[in-house]
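The values are calculated or read from the model by the stated rules, or taken from the named source; none is laboratory data. Since this is a predicted model, take the numbers as computed values, not measurements. FYI the Cβ positions are ideal-geometry reconstructions off the backbone, even for glycines, and counts take in every protein chain you see.
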Amino acid sequence: MTFELDPRLANDCYKLAESEHSIWLLLNNRFFPWFIIVPKTSCTEFYQLTQEQQAQLQSEINLLSEFVDSNYKCDKLNVAIIGNIVKQMHTHIIARTEQDPCWPGVVWGTNHKQAYEIKEVLDQQIKLKQFCQVKNINEVVFASLQ
């Protein structure tokens, strides 16, 4: 199966890393540490995945959730698989704070947007790479960001 990332995700995000099973993205909005996992599947709903695929995705969700929680000061972690606009299955992992511009409301479709400087993206990727090294996660290939 040839896997292609939805053009909207490709346009709105930086590709940080890729595993055998998924792509890890960072949404280009510095107001929120907002990571996205895109499993390499044609399924659009979680229940359509095999139990093995569900377990793999859950493992990656847990890993990135722990990364976000331990690296970004947040009051609440938002984790969601929605896909109303982008049907390609993807999971959002977002660090929310009581000081963020959307609190306590949702961040979906917000007008509060500010692009990252590439150095900030690289810094986040380095943190993620170091986190994976500490966790002995070696099967992830980190993207070249320039």
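Might you let me know whether region 65-76 holds any residue that is buried (at least 18 other Cβ atoms within 10 Å of the Cβ), in contact (Cβ under 8 Å) with a residue 12 or more places away in the chain, assigned to a helix (DSSP H, G or I) and touching a helix residue (DSSP H, G or I) at 6+ places or on another chain (Cβ under 9 Å)? Looking for residues that are buried (at least 18 other Cβ atoms within 10 Å of the Cβ), in contact (Cβ under 8 Å) with a residue 12 or more places away in the chain, assigned to a helix (DSSP H, G or I) and touching a helix residue (DSSP H, G or I) at 6+ places or on another chain (Cβ under 9 Å), one finds at least one in region 65-76, hence yes. Entry remark, region 12-40: residues being under 15 Å from residue 116 (Cβ atoms) and at pLDDT 95 or above number 14 in total. Given the structure, is residue 83 within 15 Å of the chain's Cα centre (by Cα), farther than 29 Å from residue 130 by Cβ and surrounded by fewer than 17 Cβ atoms within 10 Å (Cβ to Cβ)? Here the answer is yes, as residue 83 does meet what is asked.
Against the conditions (1) surrounded by 17 or more Cβ atoms within 10 Å (Cβ to Cβ); (2) at pLDDT below 95; (3) of a type outside the set (Asp, Glu); (4) out of contact with any Pro (no Cβ under 7 Å at 6 or more places or on another chain), residue 138 satisfies every one except (1). You will find that of 107, 121, the residue that is outside any helix (DSSP H, G or I) and not small (Gly, Ala, Ser) is 107 and no other.
Against the list (1) modelled with pLDDT of 95 or more; (2) more than 25 Å from residue 134 (Cα to Cα), the condition residue 108 fails is (1). The residues in region 1-30 that are surrounded by fewer than 17 Cβ atoms within 10 Å (Cβ to Cβ) and either touching a His at 6+ places or on another chain (Cβ under 6 Å) or among the hydroxyl-bearing types (Ser, Thr, Tyr) (or both) can be counted, and the count is 1.
Within region 31-51, being buried (at least 16 other Cβ atoms within 10 Å of the Cβ) and not hydrophobic (A, V, I, L, M, F, W, C) holds for 33, 39, 40, 41.
Would region 99-115 turn up any residue that is within 22 Å of residue 140 (Cα to Cα) and in contact (Cβ under 8 Å) with a residue 12 or more places away in the chain? Looking through region 99-115, none of the residues is within 22 Å of residue 140 (Cα to Cα) and in contact (Cβ under 8 Å) with a residue 12 or more places away in the chain.
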